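The next block holds one structure in the form of structure tokens; read it before the comments.
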Amino acid sequence: PKPSADPPATTVKSYACQRRTPLKHHNTFLTDALEILAENAEFNENEGRSVAFRRSASVLKALPHVVRGMDDLKNLPCLGEHSVRVIKEILEDGTSSEVESTRQSEQYQAMKALTGVFGVGVKSADRWFREGLRRPLDLIHTGQKLNLAQQAGVQYYNDLNRPVTKREAVAISHIVEKAVNAVLSGAIITLMGGFRRGKEVGHDVDFLITHLEEGAEEGLMPKVLNWLEEQGLLLYQKTTRNSYLESKDGPARPPHNLDRFERCFSIFKLEKGKEGSGTSLNTSYDSGTTEGITGTTEQPGPSWRAVRVDLVVSPFSQFAFATLGWTGSKLFERELRRWAGQEKGMSLSSHALYDSKQRYLRANSEEEIFAHLGLEYIPPSERNA
Ligand code: TTP
Ligand code: MN
Ligand code: MN
Ligand code: MN
């Protein structure tokens, strides 16, 4: 067959939430390169640039074929001049000099290593980089003041940078189910994030917890955490309000929601060799319970590993929005909100959807939210934008 003599009329829609993006696609050699540049732009706190590269990469992920030449880019949306230049270089030379020099650069490597520590954001990493720090261990050697999250991040650095397998995610699910059921019966626990989109590995495990009876979920998070703590299963935890609530451009919403939607960033202690057995609970630990990360010098050894877990509790009335908001990918979420705002004059968050007249639009399922937004339903496995 002639490759691109007669380019197929592949119409790619311009918002990621209008397209199907499978987990495995045909253009990793290009998207990996563009995503290095996106990541580097994030390290330089250039959000506009970062999003532009991520959007370009995402368009290529949605293509049903390998990009072999510049003709294949005809009629594709979102490809800015810079991205096109990078793609052209890779198609012609096999690599892009900009991508390679970024990859090799001291700043990129140090920022990657430092932001790879749980609890370390771009701002801290950049400050430390400018002070001459390069590796996570430099934080210890130079006696940097670290908050509790960062202390845990350093302590469990190796484990937290090792991918979490689906098998381990299932084992963690069993623990979370046991914990939740111990303090409230009839709660619904759903695996979110990358694993819901079909990923085989992840950097953490995300859960959304709700209850059919509105209000029954109130006060659940502290009880669950207490239970986990008592069992010695928590290495670190911090509960915060949902970050979407902090954003100034979020939708108007009833103030009582502010206190009802909780999120917990945590690190679980997962016993090895218990995955898939249905229970990972075993009280024969080498040391007692831990409080935060204080009072423990124990390191992940042969018997257990540390796993990042995100827990979110949502009232049932917001469950569909929370489900959509916590499934990802991050770009897909961002594009959904941009679509809602720019194309529909609506306002979408992981709590609610408001129309252009600030009227709340009820939804009991993700399908209903897509319908409100005038979008074709995209299943989780096709949201890997
Ligand atoms: P992550 O766990 O960061 O990413 P992921 O699960 O897609 O991939 P990984 O394998 O690396 O873990 O985020 C999961 C989803 O949660 C993501 O779509 C964004 C969403 N989310 C937040 O991160 N913060 C929030 O406050 C809300 C409401 C959602
Ligand atoms: Mn995740
Ligand atoms: Mn991630
Ligand atoms: Mn997460």
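The values are calculated or read from the model by the stated rules, or taken from the named source; none is laboratory data. This is a predicted model, so every value here is computed, not measured. When we count neighbours, we look across all protein chains shown, and the Cβ atoms used for this are built from the backbone with ideal geometry, even at glycine. Ligands, DNA and RNA are excluded from the accessible area calculation, which covers all protein heavy atoms including side chains. Shrake-Rupley method; radii C 1.70, N 1.55, O 1.52, S 1.80 Å.
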Inset, instruction - Please specify each residue of region 190-220 satisfying the condition of being surrounded by fewer than 21 Cβ atoms within 10 Å (Cβ to Cβ) and away from ligand 3 (no atom under 16 Å from the Cβ). - result: THR190, LEU212, GLU213, GLU214, GLY215, ALA216, GLU218, GLY219, LEU220
Inset, instruction - Inspect all residues belonging to region 173-184 and state whether any of them is buried (at least 16 other Cβ atoms within 10 Å of the Cβ), within 16 Å of ligand 2 (Cβ to nearest atom) and part of a helix (DSSP H, G or I). - result: yes
Legend entry - Subset of region 185-196 (residues that are assigned to a loop (DSSP other than H, G, I, E, B) and within 16 Å of ligand 1 (Cβ to nearest atom)): MET192
Legend entry - Residues that are surrounded by fewer than 22 Cβ atoms within 10 Å (Cβ to Cβ), outside any strand (DSSP E or B) and touching a residue at least 24 places away in the same chain (Cβ under 8 Å), drawn from region 300-317: PRO300, PRO302, SER303, PRO315, PHE316, SER317
Inset, instruction - Determine whether region 338-348 contains at least one residue that is modelled with pLDDT of 95 or more, touching a strand residue (DSSP E or B) at 6+ places or on another chain (Cβ under 7 Å) and more than 30 Å from PRO379 (Cβ to Cβ). - result: no
Legend entry - Residues of region 221-231 classified as buried (at least 19 other Cβ atoms within 10 Å of the Cβ) and either at positive phi or acidic (Asp, Glu) (or both), total: 0
Inset, instruction - Output the number of the condition that GLN237 fails; it satisfies all remaining conditions of (1) more than 10 Å from ligand 1 (Cβ to nearest atom); (2) without any contact (Cβ under 8 Å) to a residue 60 or more places away in the chain; (3) surrounded by fewer than 14 Cβ atoms within 10 Å (Cβ to Cβ). - result: (3)
Inset, instruction - Please find, within region 164-214, the residue that is nearest to PHE261 (Cα to Cα) out of those that are free of Cβ contacts under 8 Å to residues at least 24 places away in the same chain and within 16 Å of ligand 4 (Cβ to nearest atom). - result: ILE189
Inset, instruction - Tell me which residues, restricted to region 197-215, are within 11 Å of ligand 1 (Cβ to nearest atom), of a type outside the set (A, V, I, L, M) and outside any loop (DSSP other than H, G, I, E, B). - result: GLY202, ASP206, PHE207
Inset, instruction - Might you check whether a residue that is among the hydroxyl-bearing types (Ser, Thr, Tyr) and at pLDDT 95 or above occurs anywhere in region 358-376? - result: yes
Legend entry - Looking only at region 124-139, and only at residues there that are touching a residue at least 24 places away in the same chain (Cβ under 8 Å) and charged (D, E, K, R), the one that is most open to solvent (accessible area, probe 1.4 Å): ARG135
Inset, instruction - Identify, from the list THR115, THR142, the residue that is modelled with pLDDT of 95 or more, under 17 Å from the mean Cα position of the chain (by Cα) and either surrounded by 15 or more Cβ atoms within 10 Å (Cβ to Cβ) or not assigned by TED's automatic domain parsing to the domain that holds THR240 (or both). - result: THR115
Legend entry - All positions within region 318-349 that are more than 30 Å from GLY186 (Cα to Cα) and part of a strand (DSSP E or B): SER347
Inset, instruction - Could you pull out the residue among ALA149, ALA171, ALA179, ALA187 that is touching a Phe, Trp or Tyr at 6+ places or on another chain (Cβ under 7 Å), of a type outside the set (D, E, K, R) and assigned by TED's automatic domain parsing to the domain that holds ALA216? - result: ALA179
